[in-house]
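Enquirer: Structure incoming, see below.
The values are calculated or read from the model by the stated rules, or taken from the named source; none is laboratory data. No experiment lies behind these values; they were computed from the predicted model shown. Positions of Cβ are backbone-derived with ideal geometry, glycine not excepted, and every protein chain shown enters the neighbour counts. SASA here: full protein model, heavy atoms, side chains in, ligands and nucleic acids out. Shrake-Rupley method; radii C 1.70, N 1.55, O 1.52, S 1.80 Å.
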Amino acid sequence: MNRFPRAVAAEFAKLTTTRMWWILALVLFGYITLLAGGLGALFGGLQSGAIDPSSGGAGGGQGGPPIDNLPPLIYSFAASVGYVFPVLLGALATTGEFRHQTLTPTFLANPKRGGVLGAKTVTLFVAGAVFGVVGLAASLGIGALVMSAFGVDPLLGDSETWALVGRLILAMALWGTIGVGLGVLVPSQVASIVIVLAFTQFVEPLLRFASMFTEATAGMGKFLPGAASDALVGASFFTLTSPTGSTLDWWQGGLVLLAYAIVATIGGYFVSWKRDVT
Amino acid sequence: MPTGAVIEFTNITKTFGHVNAVNDLSFTVEPGRVTGFLGPNGAGKTTTLRMLLGLVAPTSGTATFGGIRYRDLPQPLSTVGAALEAASFHPGRTARNHLGIYAIAAGLPAERVTDVLRKVGLADYADRRVGGYSLGMRQRLGLAYAMIGDPGVLVLDEPINGLDPKGIKWIRGFLRDMAAEGRTVLVSSHLLSEVQQSVDEVVIIAKGSLAHRGTLASLDTDTAPQVIVDGPDRDALSDALTAAGVTFSIGRTGLLAAEPDPARIGHIAFSAGVEISVLHRQKSGLEDSFLALVGGGDSL
């Protein structure tokens, strides 16, 4: 076997020999199950009339918003909410090398540092895709079950649904590689985690919301990573609540995400990866 | 049997900001012997070893194994084994998995992991998470990593730190065996006494520069050897020495005679009929020359 395939195999072994990956996968599954199941039941119930809108306080007795095409929105939760998990996995896997000083044995076994970083990127791309499947098991698996229970067609025979599944897995895979990029850019594990959580849960949603108010900023807002990801997946609750917000085409969204990953990883290579290991 | 390569440092220099951590260092390390790389803490030992292994980029100069830089070695782990610090592990990973990862990366067969774990005495703990290991066990795991490719060259940074007396005895035998098999063994330490029993050659650095290079015995030459002698009747002993023309000073543990040969002192006392209770050569000539070379005992 050549050096690069061996490096990829070693990175896979690193990822699977600690508990982190399945703990994160488990939390991802639980979280998305709750969201997709809960909201699937709520909107499914409203749509099918099983829940009487006038009895609830929400919407001031106006009734729920008319949602056509509910299933893709429920399914997209796996990425629109779950994307933080592959980023975290990538960032933890990368910053852990600095934190536990495992860069030393890593670079002794394979002194081609660029190759090691490339192998890590490939590995986290696949791991992100696996997280995409885990997220879909919750959003599509549980979501479809709940919606059918309320008589909403889960559109499982629709080819558009399966195209969304494919794009969602690609988006999650790209998020895994963005995590690697962030990890080399900010090798401090604590700082990396804080940035992931603060940016994905607070800063970006706020920026996306704020950018919608003028046309010029809306043009920029669609290039934010979360917005690009939603564009790639093709549906999200966030875009639903901002019908005026312009979005990218799915393939443009994918390219924007890829650009984030490449820029962060190459930047991080120079910031930390090729530096002295002391 | 793997054969050792010659390690060669040529004018290697490392500057951190304005500080010269390592300054124009040149020396070679030969196979078949154990070479002690000595100096006080902060002398630049670790930085020098990390430059040798391609982990730290030298400001200038080169370090090679048989003329090849570490990063250009086709099979690095099968050429050079290195143990640098006792903490390069993910605490949540088992020893077997830890070594397995690097065996995969280096394209080594999985049996090597079991072999080296047995070799360093960790076979019974192989499937425990490293987080629960003692410092001594971590040192052994570090050595297992160094041995995984059965390399001809071993580079070990302070391998004796944190070992218990049994472990120290074990590693001394281990180093001797490795050199006897024809491997190149370079071992750093800040204490000469720690490696004195295992090394053939010494390279001593102080403040980033070469202070001494030679055999272990070469350290012994500069100090004038003395003999300590004592007896129940010190006055009679003093008279006998004076009569024989041996100069001496009176120390806490006896008379310190300026005479290299204990047999001659013993003969003087015997001829004068003076009973003696202590007669031996003054020890620690090596440690004294070591401390003199590295600029006093400021690291201790």
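Enquirer: Give me the one-decimal nm value for the distance between modelled label points at B:Arg213 and B:Asp164, 7 Å along each residue's Cα-to-Cβ direction.
Expert: 4.1 nm
Enquirer: Between B:Gln197 and B:Leu135, what length comes free when the chain is fully extended (0.36 nm per residue of separation minus the Cα-Cα distance, one decimal in nm)?
Expert: Values: separation 62, 0.36 × 62 = 22.32 nm, distance 2.24 nm.
Net length gain for the segment: 20.1 nm.
Enquirer: Can you list which of the DSSP-assigned H helices in chain B have a Cα extent of 20 Å or more along the long axis and an average Kyte-Doolittle score of at least -1.0? Before the final figure, lay out each step's value.
Expert: On the way: long enough: B:165-180 (23 Å, -0.16).
Passing helices, by number: B:165-180.
Enquirer: Out of residues 5 or more away from B:Asn23 or on other chains, whose amide H comes under 5 Å of its own, with H placed 1.01 Å from N in the peptide plane?
Expert: B:Lys14, B:Ser209
Enquirer: For chain B, what is the mean residue ellipticity at 222 nm derived from helices alone (per DSSP H run of n ≥ 4: -39500 (n - 2.57); sum divided by total residues; nearest 500 deg cm²/dmol)?
Expert: Mean residue ellipticity, 222 nm, calculated: -9500 deg cm²/dmol.
Enquirer: Would you pull out the residues with amide H under 5 Å of B:Leu255's amide H, same chain only if 5 or more places away, H placed 1.01 Å from N?
Expert: Result for B:Leu255 returns B:Val229, B:Asp230.
Enquirer: State to the nearest 20 debye the size of the charge dipole of the protein assembly as shown about its Cα centre, where the only charges are +1 on K and R beta carbons and -1 on D and E beta carbons.
Expert: On the way: 40 positive and 42 negative charges, 138 e Å.
With only Lys, Arg, Asp and Glu charged at Cβ, the dipole is about 660 debye.
Enquirer: Am I reading the A/B interface right? What is its buried accessible area, both sides, 1.4 Å probe, to the nearest 100 Å²? Show your work: numbers first, answer last.
Expert: Working: alone 13330 and 14260 Å², together 25000 Å².
Using a 1.4 Å probe on protein heavy atoms, the buried area is about 2600 Å².
Enquirer: Could you work out [θ]222 nm for chain A from helices alone, using -39500 (n - 2.57) per DSSP H run of at least four and dividing by all its residues? Round to the nearest 500 deg cm²/dmol.
Expert: Working: 15 runs with 192 residues, N = 278.
Calculated from helices alone, the mean residue ellipticity at 222 nm is -22000 deg cm²/dmol.
Enquirer: Next question, about the same structure. Return the long-range amide H neighbours of B:Thr184 (sequence gap of 5 or more, or a different chain), with a cut-off of under 5 Å between placed amide H atoms.
Expert: B:Gly4, B:Ala5, B:Gly32, B:Val153, B:Leu154
Enquirer: Quick one: if the Förster radius is 45 Å, what FRET efficiency do A:Leu26 and B:Asp220 give, using the C-beta to C-beta distance and rounding to 0.05? Please report the intermediate quantities before stating the final value.
Expert: Working: r = 65 Å, r/R0 = 1.44.
About 0.10, to the nearest 0.05.
Enquirer: Whole-Hz Karplus ³J(HN,Hα) for region A:184-196, in order, using 6.51 cos²θ - 1.76 cosθ + 1.60 and θ = phi - 60°, x for Gly and Pro?
Expert: My calculation for region A:184-196 gives 7, 6, 10, x, 6, 4, 4, 4, 4, 5, 4, 5, 4 Hz in order.
Enquirer: Please compare each pair in A:Lys120/B:Lys119; A:Lys14/A:Lys222; B:Lys119/B:Lys166; B:Lys166/B:Lys207; A:Lys112/B:Lys207 to a cut-off of 27 Å on the Cα-Cα distance and tell me which ones are over it. Write out the running numbers ahead of the final one.
Expert: Details: A:Lys120/B:Lys119 31 Å; A:Lys14/A:Lys222 35 Å; B:Lys119/B:Lys166 15 Å; B:Lys166/B:Lys207 33 Å; A:Lys112/B:Lys207 31 Å.
Correct reply: A:Lys120/B:Lys119; A:Lys14/A:Lys222; B:Lys166/B:Lys207; A:Lys112/B:Lys207.
Enquirer: Taking all protein chains in place and a 1.4 Å probe, what share, in percent, of the accessible surface of region B:227-281 do carbon and sulfur account for?
Expert: Numbers: 1750 of 3150 Å².
Exposed carbon and sulfur together represent 56 percent of the surface.
Enquirer: While we're here: Restricting the count to DSSP beta bridges whose residues both fall in the protein assembly as shown, what percent are antiparallel, rounded to a multiple of 5?
Expert: Details: 31 of 49 bridges.
Bridges in the protein assembly as shown that DSSP calls antiparallel: roughly 65 percent.
Enquirer: Another one. Name the shape class, rounded, prolate or oblate, that the alpha-carbon gyration tensor gives for region B:227-281, where a ≥ b ≥ c are the square roots of its eigenvalues, rounded holds for a/c under 1.5, and otherwise prolate holds if a/b is larger than b/c and oblate otherwise. Could the numbers behind the result be given before it?
Expert: Details: a/c = 1.21, a/b = 1.07, b/c = 1.13.
It is rounded, given that a/c, with a ≥ b ≥ c, falls under 1.5.
Enquirer: Still on this structure, I have one more. Using each residue's phi in region A:34-44, evaluate 6.51 cos²θ - 1.76 cosθ + 1.60 at θ = phi - 60° and report the 3J(HN,Hα) Karplus result to the nearest Hz, with x for Gly and Pro.
Expert: Result, ordered by residue: 4, 5, 5, x, x, 6, x, 5, 4, 6, x Hz.
Enquirer: Calculate one ³J(HN,Hα) per residue across region A:115-127 by plugging θ = phi - 60° into the Karplus curve 6.51 cos²θ - 1.76 cosθ + 1.60, and present them in order as whole Hz with x for glycine and proline.
Expert: With the stated coefficients, region A:115-127 comes to x, 5, 5, x, 5, 5, 5, 4, 4, 6, 4, 5, 4 Hz.
Enquirer: Running a GNM on chain B with Cα contacts under 10 Å, which residue among B:Ile148, B:Ile265, B:Ile160 ends up with the highest mean-square fluctuation?
Expert: Looking only at B:Ile148, B:Ile265, B:Ile160, the biggest GNM fluctuation is shown by B:Ile265.
Enquirer: Here's a follow-up. Taking a probe of 1.4 Å, how large is the accessible area per residue of chain B, in Å²?
Expert: On the way: 13020 Å² over 300 residues.
About 43 Å² of surface per residue is accessible.
Enquirer: Would you mind computing the Rg to Rh ratio of chain A from its alpha-carbon coordinates, Kirkwood style for Rh?
Expert: On the way: Rg = 20.2 Å, Rh = 19.7 Å.
For chain A, the value is 1.03.
Enquirer: Over region B:72-210, with every protein chain in place, what whole percent of the accessible area is carbon and sulfur at 1.4 Å, could you tell me? Before the final figure, lay out each step's value.
Expert: Values: 2520 of 5020 Å².
Answer for region B:72-210 is 50 percent, counting heavy atoms of protein chains only.
Enquirer: Still on this structure, I have one more. Hey, got a sec? Which trypsin sites (Lys or Arg not before Pro) in region B:161-268 land in a DSSP loop and have at most 15 other Cβ atoms within 10 Å? List each step's numbers first, then the result.
Expert: Values: sites: B:Lys166, B:Lys169, B:Arg172, B:Arg176, B:Arg183, B:Lys207, B:Arg213, B:Arg234, B:Arg252, B:Arg264; in loops: B:Arg183, B:Lys207, B:Arg252.
Passing both the DSSP loop test and the Cβ count: B:Arg252.
Enquirer: Which residues of region A:96-117 end up with at least 40 Å² less accessible area in the presence of all protein chains than when their chain stands alone, using a 1.4 Å probe?
Expert: A:His100, A:Gln101, A:Thr102, A:Thr104, A:Pro105, A:Leu108, A:Ala109, A:Pro111
Enquirer: So, one more: Under a plain spin-label model, where a point goes 7 Å from the Cα along Cα-to-Cβ, how far apart in nm are B:Val19 and A:Ala259?
Expert: Taking the simple label geometry, B:Val19 and A:Ala259 are separated by 4.3 nm.
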